[in-house]
Amino acid sequence: MIDIAFFLVFSAILFGIGMFGLITSKRGVVTLMSIELMLNSANINFVAFSTYTGNADGLVFVIFTIAIAAAEVAVGIALMLNAYKIQKTTDVDKLSTMRW
Amino acid sequence: MFESFAESLVEAFGQVTYILPQVIVLIAALLAPLLHFATKDGKIVAGASFAIIAISAILVMIMMHTVTYGTAFGMFEFDPFSSLMMLLFMAVAFLTIMVSPVHVETTKHAGEYYSLIAAIVAGMMFAASATTLLAIFIGVEVVSISSYALVALKKNDPRASEAAVKYLIIGAFSSALTLLGMSMIYGVTGTLNIETIGAKVAVMGANWAFILGCIGMIAGYGFKIAAVPFHSWAPDVYEGASTPVSGFLATASKKMGFAVLFKIFFALFVIGSTGVFTLEFQYVFAIIAAITMTVGNLVAISQSNIKRMLAYSSVAQAGYIMIALAVMSQYATTGALFHMFTHVVMKGGAFIMVAALITAGLGEKIEDYKGLAKRTPLLAAAMMLFLFSLAGIPPLAGFTSKFVLFSGAIFVDGAVSMQWMWLAFIAVINSAISLYYYARVVKTMYIEKPACDDKIVVPAPFMVAIALCVIGVIVLGVYPEILLELCDKAAAALF
């Protein structure tokens, strides 16, 4: 069996990529994709731990997380469309009329 | 009479009885769009949602009165703590639903609006009564996702759309952090049940994965309660959203974050205190609390928009409530729960007041409030009561709750303790700082000359809601026993 450390390192790398994308990207849709990556890296953790401990709770959690992530992105795309309709941009840097 | 009713409920529904209040609120969420489709009248939808949530509130009170406590499906627990939090969420929902139909910024999409509010309340009630990490996560996500949409419902306003996008990105990031933290805790302990986690941690002790998990959850739920440095979304969202929604988010959504933090971290660090670094994490919470209240109060001084000022003051109040997380004693938790209730009447009252004045045609800037006392003496007096209560002037509610909360940091286990004295000291200094910017608004209202002398007329529902909040501010300040006992019982259920 593959050592659990490999799964954890893989999920940590995935989470790091997601966080990097979230911080550096200006495009709203790309930030949504980065958030999906971060949520999925946690899912990998859950599945790995669940398999190694033989406890099915983690698998149940993953199913719920996938549903929640889908809902989150559906609302997210709707909000981006709304912002695009009003301000003609989804550039996160330009959506900054309110400061401090 | 109530006893036989509660018994027949348990007989008829079995375990479902203990999640029946949430289910009833969910029915309101499902019914609202249908009702709006059938009647096309926002007021009817608001009345129906109000009535259904009222039924749920009465049910909760009957179940509290007859001590019908229990667990449903091993995931949700109806106990003194969760029932008290449910009443708090529903009280906020009542205030919001009461003023929404007459508010000028309210959307034409009444069905969606009340449906989202009911869904948020149901999600909060589920999160407050949850006993597993899975149930907590789902409850919190229901609240978050619905609030993103609720903020954006103020259509064709660039500030609202911008606030919604910011809220979504930051909120989703915090969910991901929480989820990572939960997966680590699950990996270490092999279970999702909070109390079992506490018991296992007490035996196994802490390792790096456990610490990583705790940090992830502190950061994730720190975003939800807007603790510094995770507070940046709060002012933007409260400014951008329509004002009743800002009040709703500031008073209810934050309290859910606290309920969840109390549940998780008291289980981890009080039940499992023998195995983990309880003291170190207590200091982490204490430092976050001190920074949160200081930054919130200092930044609030320089605000010119009243909604932003109230938002930063709400950040500061979150810092005060976090004292309970640092001290981790039953007395301090009683104070924190009591402060949550008084915060609902004073901060909720202030936001409803701002909404009323916007409806009457005033702006959101503090300078728009010049000479308000001449134009509408009653409303100005009520606003002054709310602001002085937020600052903690006796004999108003804010003073009493701050007194209990701060003394919780000094009296630990029945004796004066030096350990958290500095935290109480910082909190008292911060209360003094906060008086400056609250008094500035009062000065603008009472001393400066008005720009015009027209009388201000606000719709009747606003007057009723404001009157209720004024009564709350005064009664809870003079006679706190009516709530303190319940809060004490709720805090005892956590330990």
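Read-outs throughout are calculated quantities, based only on the coordinates presented, and are distinct from any laboratory measurement. Since the structure is predicted, the reported quantities are computational estimates derived from the model, not experimental observations. Positions of Cβ are backbone-derived with ideal geometry, glycine not excepted, and every protein chain shown enters the neighbour counts.
Once the piece of chain linking B:THR71 and B:LYS108 is laid out straight, how much longer is it, given 0.36 nm per residue of separation minus the C-alpha distance between them?
Stretched out fully, the B:THR71 to B:LYS108 stretch lengthens by 9.3 nm.
Express in whole angstrom the spacing between the alpha-carbon centres of segment B:337-382 and segment B:445-468.
Computed from Cα coordinates, the inter-centre distance equals 8 Å.
Which far-off residues, 5 or more places away or on another chain, put their amide H under 5 Å from the one on B:THR66, with H placed in the peptide plane?
none
Could you give the distance between the Cα centres of segment A:4-59 and segment B:77-122, to the whole Å?
Spelled out, the Cα-based centre of one part sits 34 Å from the other.
Residue by residue through segment A:17-25, what is 3J(HN,Hα) from phi via Karplus (6.51 cos²θ - 1.76 cosθ + 1.60, θ = phi - 60°)? Round to whole Hz and write x for glycine and proline.
Values, residue by residue: 4, x, 5, 4, x, 5, 7, 8, 6 Hz.
Taking the Cα centre of each part, how many Å lie between segment B:1-66 and segment B:137-209?
Computed from Cα coordinates, the inter-centre distance equals 27 Å.
If the viscosity is 0.692 mPa s and the temperature 37 °C, what Stokes-Einstein diffusion coefficient in µm²/s follows for segment B:383-495 when Rh is the Kirkwood radius over Cα pairs?
In µm²/s, the coefficient rounds to 198.
Could you line up B:SER8, A:SER25 from fewest to most neighbouring Cβ atoms inside 10 Å?
Values: B:SER8 10, A:SER25 17.
Least to most surrounded, the residues fall as B:SER8, A:SER25.
Once every DSSP H run of n ≥ 4 in chain A is given -39500 (n - 2.57) and the sum is divided by its residues, what mean residue ellipticity at 222 nm do you get, rounded to the nearest 500 deg cm²/dmol?
When only DSSP H runs of four or more count, the value is -28000 deg cm²/dmol.
What whole-number value in cubic angstrom gives the convex hull volume per residue for the C-alpha atoms of segment B:456-495?
Spread over its residues, the Cα hull of segment B:456-495 gives 87 Å³ apiece.
Please give the helix A:28-53 orientation as an angle from the longest Cα principal axis of chain A, in degrees from 0 to 90, rounded to the nearest 10.
That helix lies at roughly 10 degrees to the long axis.
Tell me, rounded to the nearest percent, the portion of alpha carbon pairs in the protein assembly as shown spaced more than 49 Å apart.
6
Equivalent-ellipsoid semi-axes (√(5λ), Cα gyration tensor) for segment B:232-298, whole Å, largest first?
Largest first, segment B:232-298 gives 30, 16, 7 Å.
What spacing in nm lies between the two simple spin-label points modelled at B:VAL478 and B:ILE429, each 7 Å away from Cα in the Cβ direction?
According to this spin-label approximation, the distance is 3.6 nm.
Using amide H atoms built in the peptide plane, which far-off residues or other-chain residues are under 5 Å from B:ALA130 H to H?
B:GLU77
Whole-Hz ³J(HN,Hα) for each residue in segment B:71-79, computed from phi via Karplus 6.51 cos²θ - 1.76 cosθ + 1.60 with θ = phi - 60°, x for glycine and proline: what do you get?
10, 10, 6, x, 10, 10, 10, 9, 10
Over the Cα atoms of segment B:8-103, each weighted equally, I'd like the Debye log10 I(q)/I(0) at q = 0.13, 0.14, 0.21, 0.22 Å⁻¹, rounded to two decimals.
For the requested q values the scattering log ratios are -0.49, -0.56, -1.01, -1.07.
Run lengths n ≥ 4 of DSSP H only: what is the helix-derived mean residue ellipticity at 222 nm for chain B, with -39500 (n - 2.57) per run over all residues, to the nearest 500? Please report the intermediate quantities before stating the final value.
Details: 22 runs with 370 residues, N = 495.
Mean residue ellipticity at 222 nm (helix-derived): -25000 deg cm²/dmol.
Could you give the angle, 0 to 90 degrees to the nearest 10, between helix A:57-87's Cα long axis and the longest principal axis of the Cα atoms of chain A?
Its long axis makes an angle of about 10 degrees.
Could the peptides B:434-442, B:156-164 be put in order, highest first, of the mean number of other beta-carbon atoms found within 10 Å of their residues?
Peptide ranking by packing, descending: B:156-164, B:434-442.
Let me know the mean shielding of B:130-138 by other chains, meaning the per-residue number of their Cβ atoms within 10 Å of its Cβ. Don't skip to the answer; put the middle values down first.
Numbers: counts 0, 0, 2, 2, 6, 1, 0, 4, 5.
Average neighbour count from other chains, rounded to a whole number: 2.
Helix by helix through chain B, keep the DSSP H runs that span 30 Å or more along the axis on Cα and average at least -0.5 on Kyte-Doolittle, and give those back in order.
B:42-65, B:158-189, B:278-301, B:330-359, B:421-446
Return the subset of B:LYS43/B:LYS108; B:LYS255/B:LYS402; B:LYS166/B:LYS224; B:LYS254/B:LYS443; B:LYS154/B:LYS255; B:LYS154/B:LYS307 for which the Cα-Cα distance in this structure is over 20 Å, preserving the input order.
B:LYS254/B:LYS443; B:LYS154/B:LYS255
Please state, rounded to one decimal and in Å, the Kirkwood hydrodynamic radius that chain B gives when every pair of distinct Cα atoms enters the mean of 1/r. Mind dumping the intermediate values first?
On the way: mean 1/r = 0.0441 Å⁻¹.
About 22.7 Å for chain B.
Which whole-percent values make up P(r) of segment A:4-87 when all C-alpha to C-alpha distances are grouped in 10 Å steps starting at zero?
All Cα pairs, binned at 10 Å, distribute as 18, 40, 28, 11, 3, 0 percent.
For segment B:246-251, in order, what is each residue's ³J(HN,Hα) by Karplus, 6.51 cos²θ - 1.76 cosθ + 1.60 with θ = phi - 60°, in whole Hz (x at glycine and Pro)?
After applying 6.51 cos²θ - 1.76 cosθ + 1.60, I find 4, x, 4, 5, 5, 8 Hz.
When the Kirkwood hydrodynamic radius is evaluated over all pairs of different C-alpha atoms of segment B:339-389, what value in angstrom, to one decimal, is obtained? Let's see the in-between values first.
Values: mean 1/r = 0.0883 Å⁻¹.
Value: 11.3 Å, from the Cα pair sum.
Might you report the magnitude of the Cβ-based charge dipole of chain B about its Cα centre, with Lys and Arg at +1 and Asp and Glu at -1, to the nearest 20 debye?
Dipole of chain B, to the nearest 20 debye: 1160 debye.
Contact order normalised by length for chain B, with contacts defined as Cα pairs under 8 Å and 6 or more residues apart; what percent is it?
15
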